[in-house]
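Chemist: Below you'll find the structure I mean.
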């Protein structure tokens, strides 16, 4: 007996629906493209809050249209207005109001990444004007185009070591007992050496070194020196900058020597 074209088409559509429906959340995904943006919403019109590289893993929570909803990596942009955060010590702060929005930039018009209740403790990276940059809590989410993320595992425990890695943070709460120097102080005791891959920061304005243990450093050196090493494995020597007046997300290395690692 011959099947009508309508029945054949219906069977194909039902088959496709079952395949799509088999996608189960959450799962561990792996970035499959060289560089992929994490955005504050499911469109290229939303703010870029991180940039991942091939092989990076993310926790995929859901899907809308052609975008995956993911738990934000620890170094993603995430801001809270200073009037809603009271510093507890040099690296943590306590939210002072209920239902406070965490945003994709230091601007009340920026997209909301999460909403946190009063007394939430947040890790503080730094401050710019009236906004603190903080480590995204686990409930903070972003979006990645689904075509750039491949399924890796349904075992969520495999992502544990990549969620909220420890970061070396400046002491923001320490008061200045003496006038801040015009130039940041520098450690003089020992030369610091590190090996890793040279990448651009999330905003594309600075260079950072990512080591095999996921430690990260901003590098301070002329653009003409670093640009040729982008995405290459390098060894650097220099000193850590100490500057409590202008804290940064990662330690800053003042580079004196760069060497390509083959």
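Every number in this text was worked out from the coordinates using simple rules, so none of it is lab data. Model, not experiment: these values are computed from the prediction. In this analysis, Cβ positions are derived from the backbone assuming ideal geometry, glycine residues included, and neighbour counts consider all displayed protein chains.
Chemist: May I ask you to list the residues in the range 30-45 that are within 15 Å of residue 150 (Cα to Cα), in contact with a strand residue (DSSP E or B) (Cβ under 8 Å, 6 or more places away or on another chain) and in a loop (DSSP other than H, G, I, E, B)?
Modeler: 32, 34
Chemist: Is it true that residue 52 is under 14 Å from residue 139 (Cβ atoms) and either surrounded by 14 or more Cβ atoms within 10 Å (Cβ to Cβ) or over 16 Å from the mean Cα position of the chain (by Cα) (or both)? Spell out the reasoning first.
Modeler: Details: under 14 Å from residue 139 (Cβ atoms): no; either surrounded by 14 or more Cβ atoms within 10 Å (Cβ to Cβ) or over 16 Å from the mean Cα position of the chain (by Cα) (or both): yes.
Here the answer is no, as residue 52 does not meet what is asked.
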